[in-house]
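One structure is given below, encoded as structure tokens.
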Amino acid sequence: MLISHFLHGPVSAYPRDYVDGAHQELHQHREAQLLYAVCGTMRVVTAQGAWVIPPTRAVWIPPLVEHEIFMSGEVRMRSLFIAAELSPPSLQQCCVLAVTPLLRELILRAVQGPQHAENPLIQSLMLEEIAGLENLPLHIPMPEDRRLQGICLALLRTPDHPNTLEDWAQQVGASSRTLARLFQQQLKMNFNAWRQQLRLMEALPRLLAGESVQSVARDLGYGSARAFSAMFRRLLGENPREYLNALNKLSELNPLL
């Protein structure tokens with residue numbers, strides 16, 4: 001399904017709010033989309049994988065990429081639709097981006113009305129900021145190989161599954177060496193890195209909903225909260241408490257937008 005919210009080029013701004021559990025069905029846009037979460041958590045899913053967008057972060061969706069969106073918590077979504085020819089060369093694939101304070105304020109200003117969204121200065125600044133955003137490791141790629149698909153789907157259902165790659169090899173009828181090679185070829189990461197990414201994506205909505213680090217760590221198969229926090233820091237640069245405190249402070253800004 002092709003949907004267009006492109007009202008005023010080269011950038012259009014579109015606000016929308018959702019209740020917990022809402023779902024946008026599979027669709028695509030002719031334009032690129034920067035999907036920003038003022039509050040709530042979104043999960044964007046395509047044929048190539050899934051991306052989790054915590055509050056104050058954004059996901060980049062290139063033109064004509066089919067995607068669906070799942071909402072956790074009350075979501076205030078603020079989108080920019082950008083002409084395909086203006087997409088930054090560095091953003092050819094879906095990715096989660098760390099939104100700067102300046103870009104955040106520009107997005108929130110743009111969705112207040114066409115007189116702001118059509119302002120050439122605001123549009124120019126938004127495009128310049130987007131081109132330099134940091135890419136965050138909040139992506140779970142999906143493989144094409146049917147054996148890897150079976151493993152990844154099983155882990156998506158039960159992220160705390162204790163099986164090693166050797167255990168999975170016995171179940172899917174391939175050597176662990178073959179599976180390790182396929183993970184690197186198709187997903188550009190090894191099995192353990194993929195599983196860590198998955199557990200991080202599963203942890204974020206629960207932590208943001210107020211669950212304790214200890215509870216989330218236990219449910220995701222970590223022997224201790226310390227081990228979980230070490231993984232979290234390695235992937236996101238902060239421990240869970242620091243990360244959540246920073247998100248909460250940003251979410252408190254402009255609470256009515």
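Please treat every number below as a calculation from the coordinates, not as lab data. Quantities reported herein were computed from a predicted structural model and do not represent experimental measurements. Glycine also receives a Cβ, built like all others from the backbone with ideal geometry; neighbour counts cover every protein chain displayed.
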Pairs of alpha-carbon atoms within less than 8 angstrom and 6+ residues apart define the contacts here; what relative contact order does region 1-119 have, in percent?
33
Distance (nanometres) between label positions extended 7 Å along Cα→Cβ at S175 and L26
3.7
Which entry is the computed percent of Cα pairs over 31 Å apart for this structure: (i) 27; (ii) 36; (iii) 14?
(i)
Just P162, P205, P143 to compare: in a GNM of the chain, with alpha carbon springs under 10 Å, which one fluctuates most?
P162
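Expressed as a fraction of 2.2 N^0.38 Å, the rule-of-thumb size for a compact globular protein of N residues, what is the C-alpha radius of gyration of region 114-191?
Working: Rg = 20.4 Å, N = 78, 2.2 N^0.38 = 11.5 Å.
Against the compact-globule rule of thumb, the ratio is 1.77.
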Here the averaged projected area of region 72-133, based on the convex hull of its alpha-carbon atoms and given in nm², is 5.0
Could you work out the Kirkwood radius for region 43-85, taking every pair of different alpha carbons, averaging 1/r and inverting it, reported in Å?
11.7
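Ranked highest first by average number of other Cβ atoms within 10 Å, how do 80-87, 47-54, 129-136 line up?
Details: 80-87: 18.9, 47-54: 20.5, 129-136: 16.8.
Highest-to-lowest ranking by the protection proxy: 47-54, 80-87, 129-136.
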Can you classify region 110-257 as rounded, prolate or oblate using the Cα gyration tensor, where a ≥ b ≥ c are the square roots of its eigenvalues, rounded means a/c under 1.5, and otherwise it's prolate if a/b beats b/c and oblate if not?
oblate
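Cβ under 11 Å from H67's Cβ, H67 left aside: what net charge do those residues give with Lys, Arg +1 and Asp, Glu -1?
Numbers: positive: R43; negative: E25, E66, E68.
Surrounding charge for H67 is -2.
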Could you work out the relative contact order of the chain? I mean the mean sequence separation of Cα pairs under 8 Å and 6+ apart, divided by the number of residues, in percent.
17
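Starting from the Kirkwood radius over alpha-carbon pairs of region 11-136, derive D by Stokes-Einstein at 37 °C in a medium of 0.692 mPa s and give it in µm² s⁻¹.
Working: Rh = 14.3 Å.
Value of D from the Cα-based Kirkwood radius: 229 µm²/s.
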E85 to R226: extension gain in nm, 0.36 nm per residue of separation minus the Cα-Cα distance?
46.2 nm
